[in-house]
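Reading through the structure tokens given below for one structure.
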Amino acid sequence: MAWVAGLVVLLISYGIGSDGLAFGAFAVIVVSVCFTPGAVLWWMRYESVRRTGWRAVTVQAVIVREPAGCLAALAAVPGPSADPERKLDYVVRFRDGDGARLRGGASLWHRPPPLAFDRAQPGWVGGTGRSCVVLFAGGGWGPRRPHAVPATFLADLPARPE
């Protein structure tokens, strides 16, 4: 982010020579301000997964309703799909029988596959605390690549009775 401030100082101190240069500089500043926080969050998740590694799991996406809080109504975009009380959780079961509940992260492009809402899907979980990643096995159309979604650890689940 420091280079953005440097670019602004250079543009102001040397004067903006042409409209094209000004527009280009403005576009670079806007794009960097918009995408840098997301890149930093994914870098933190990467480092967390690198430290902990991946664990094989079965994971199911669940929509839960929780009270949203007093500021959620102000931040919500009006519309039928913008319900601040609806939260996306992942119910994760490890191979040893233990489980965890993870809260889905706020990401525009990283969403769980639709089949994950119907039944448990094979996948992997890595990271700890606020920097978890759920990696769904590939599926659907196109190449069978794993699909990563951000998550935050909420609570351990009791072990399954055997």
*Evaluate the following for Asp83: is it in a loop (DSSP other than H, G, I, E, B), modelled with pLDDT of 85 or more and on the phi < 0 side of the Ramachandran plot?*
no
*In the range 106-118, which residues are within 15 Å of Ile63 (Cβ to Cβ) and either part of a loop (DSSP other than H, G, I, E, B) or at pLDDT 90 or above (or both)?*
Ala106, Arg111, Pro112, Pro113, Asp118
_Pair list, Cβ under 6 Å, 6 or more apart: the range 103-117 residue surrounded by 14 or more Cβ atoms within 10 Å (Cβ to Cβ), other residue modelled with pLDDT under 75 and part of a loop (DSSP other than H, G, I, E, B)_ = Pro113/Gly139
*Quick one: Ser13 ticks every box in (1) assigned to a helix (DSSP H, G or I); (2) open to solvent by less than 100 Å² (accessible area, probe 1.4 Å); (3) modelled with pLDDT of 65 or more except a single one, so which number is it?*
(3)
*Considering only residues of the range 36-56 that are open to solvent by less than 60 Å² (accessible area, probe 1.4 Å) and among the hydroxyl-bearing types (Ser, Thr, Tyr), which is modelled with the highest pLDDT?*
Ser48
*Among Val64, Val59, Val33, which is the only one that is at pLDDT 90 or above, surrounded by 11 or more Cβ atoms within 10 Å (Cβ to Cβ) and under 19 Å from the mean Cα position of the chain (by Cα)?*
Val59
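The values are calculated or read from the model by the stated rules, or taken from the named source; none is laboratory data. None of the values given here were measured: they were computed from a predicted structure. For neighbour counting, all protein chains shown are included, and Cβ atoms are generated from backbone atoms with ideal geometry for every residue, glycine included. Side chains included, ligands, DNA and RNA excluded: accessible areas come from the protein's heavy atoms. Shrake-Rupley method; radii C 1.70, N 1.55, O 1.52, S 1.80 Å.
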